[in-house]
Amino acid sequence: MTDDIASMTLKLAQDPASLVFLPLAESLRKRGQLDAALTVAARGAARYPELADAHDLVARIQSDRGAGDDAFDAWTSVLRLVPDHLGAHKGLAFLSYRTGDLGRSVKHLTRALELAPTDTSLAGAIERLRTLMATRAESVNPPEADRIPVTPEADRGRPATEQTPTLLFDQQGRVMQGTLARADGVDASDAVAAALAGVSREAERATRLLDLGEWRAIAIESGAVNYELRTPTPETLLLVMRGREVPAGRLARIADRAVERARQWLEDIV
Amino acid sequence: MTSREQTVLDDVTRIGGVRSALLVSADDGLVVAESSVEGQHTEAAAAFAARLAQRLTVLTRTLQTPPMSMLLLQASGGQLFITQGGEGLLFVAITSNDVNIGEVRLALLDAAGRIA
């Protein structure tokens, strides 16, 4: 294997346009040399932007590195080039499963099974996911539209219009302060933090590509609830939520104050 | 892309300060239709919008609140609006910071209603 890698590396050095970058990066990936594999694959993908297998290889390496967002980008590029790429559908199914989006995972697996109908492992995976989704659906109350989740302890006793559930978490999805609960009172803080971890990096990348400068806030309307997402520090995210009766402009001011409190708290604990 | 979709997008970009309006596939972040008044990296906006919408679907499902109806990302050099655009579609608008937020918001909701 090592000889093969050396041989392929030499070949690529002699001819940078060679497609040998594909087996070379794959070999490096299998050996666990992920950074080197990524360098080789990314250069190849840049040289051959229309080569779906190059983007697929980048995606698999990024997935192995735990860089789900980058893997998502690469597999999306694959589907842009080859909508029926089996590996991309499998990969996106895996990423969706990892982020908890089981419905999307089933969707990609179903497409993969259509493309590879004899692959019994895909059928089994779909069945397991559907069972898991059914179990989850039974374990929680059905969603009731326009219900505002319960308030954190600090807000108890205040009028409803003054309650501000707030959650501070880091970029790795770990809760640092605050609580957010579902409508039925079950603590959902960890799940929310996990769902939104990485948003800041994605927003940074998108605003950079769009030449929009530094992102400051994300305001979200969701039925009777409004959310505001901020980044008090480069390492943290803050989610504030209020009922729809609080206008967006006022929620932005509330979020401003929450950001200041979060920054102060972060300074105090250092 | 139909002429109706293009007309709807063109109506949005007629609003002062709107640089681009896109119709995006929510599943894979691909641009379905677009109307841009100046050069924009619209593929990046589409991919980001789809990813963000997917994350927010998890958020709203987790908190048992209704799905996202409108999102506004504010940055130092502009803004990005996202709204649901019918079955499996997202409407995305990229604007400058001096745009009338309320006008763009209503235009996108109206556009979504016309496409759905």
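Read-outs: derived from the displayed coordinates by stated rules, not from any lab. Because the structure is a prediction, the values reported are computed rather than measured. With ideal geometry, Cβ positions are generated from the backbone for all residues, glycine too; neighbour counts draw on all protein chains shown.
Count neighbours as other Cβ atoms within 10 Å of each site's Cβ, and list the GluC sites (Glu not before Pro) in the stretch B:21-116 that are DSSP loop with at most 13 such neighbours.
Taking the stretch B:21-116 and a limit of 13 other Cβ atoms within 10 Å, the loop GluC sites (Glu not before Pro) found are B:E38, B:E87.
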Open item on the list: What distance in nm separates the two pseudo spin-label positions at A:W265 and A:E204, each 7 Å out from Cα along the beta-carbon direction?
Closed with: 2.2
Task: Rough spin-label spacing in nm, given labels placed 7 Å along Cα→Cβ, for A:A17 and A:D211 - done: 3.2
TODO: Could you give me the radius of gyration and the Dmax of the protein assembly as shown, taking only the C-alpha atoms into account and expressing both in angstrom?
DONE: 22.2, 73
Task: GluC sites (Glu not before Pro) within the stretch A:195-270: DSSP coil, no more than 14 neighbouring Cβ in 10 Å - done: A:E214, A:E235, A:E245
TODO: Using a 10 angstrom cutoff on alpha carbons, build the Gaussian network for chain A and name the most mobile of A:D187, A:D15, A:D73.
DONE: A:D15
- [ ] Give the relative contact order (percent, whole number) for chain B; include only Cα pairs under 8 Å separated by 6+ residues.
- [x] 28
- [ ] Would you order A:K11, A:K107, A:K30 from fewest to most other beta-carbon atoms within 10 Å of each residue's own beta-carbon?
- [x] A:K30, A:K11, A:K107
Open item on the list: Just to confirm a number: summing +1 for Lys and Arg and -1 for Asp and Glu over residues other than B:A21 whose beta-carbon lies under 11 angstrom from that of B:A21, what do you get?
Closed with: -2
Task: Binned Cα-Cα distances of the stretch A:2-139, short to long, each 5 Å bin given as a whole percent - done: 2, 11, 18, 18, 17, 14, 9, 6, 3, 1, 1, 0, 0
- [ ] Using Cα pairs closer than 8 Å and at least 6 residues apart in sequence, work out the relative contact order for the stretch A:2-139, in percent.
- [x] 12
- [ ] Label the stretch A:1-72 by shape, choosing from rounded, prolate and oblate, from the square roots a ≥ b ≥ c of the eigenvalues of the Cα gyration tensor; if a/c is under 1.5 it is rounded, and otherwise prolate applies when a/b is larger than b/c, oblate when it is not.
- [x] oblate
TODO: State, in angstrom, two size descriptors of the stretch B:3-115 derived from its alpha carbons: Rg to one decimal place and Dmax to the nearest whole number.
DONE: 13.0, 40
TODO: Report Rg (one decimal) and Dmax (nearest whole number) for the stretch A:178-249, counting Cα atoms only, units Å.
DONE: 13.5, 42
Task: Net charge of neighbours whose Cβ lies under 12 Å from the Cβ of A:A54, counting Lys and Arg as +1 and Asp and Glu as -1 - done: -1
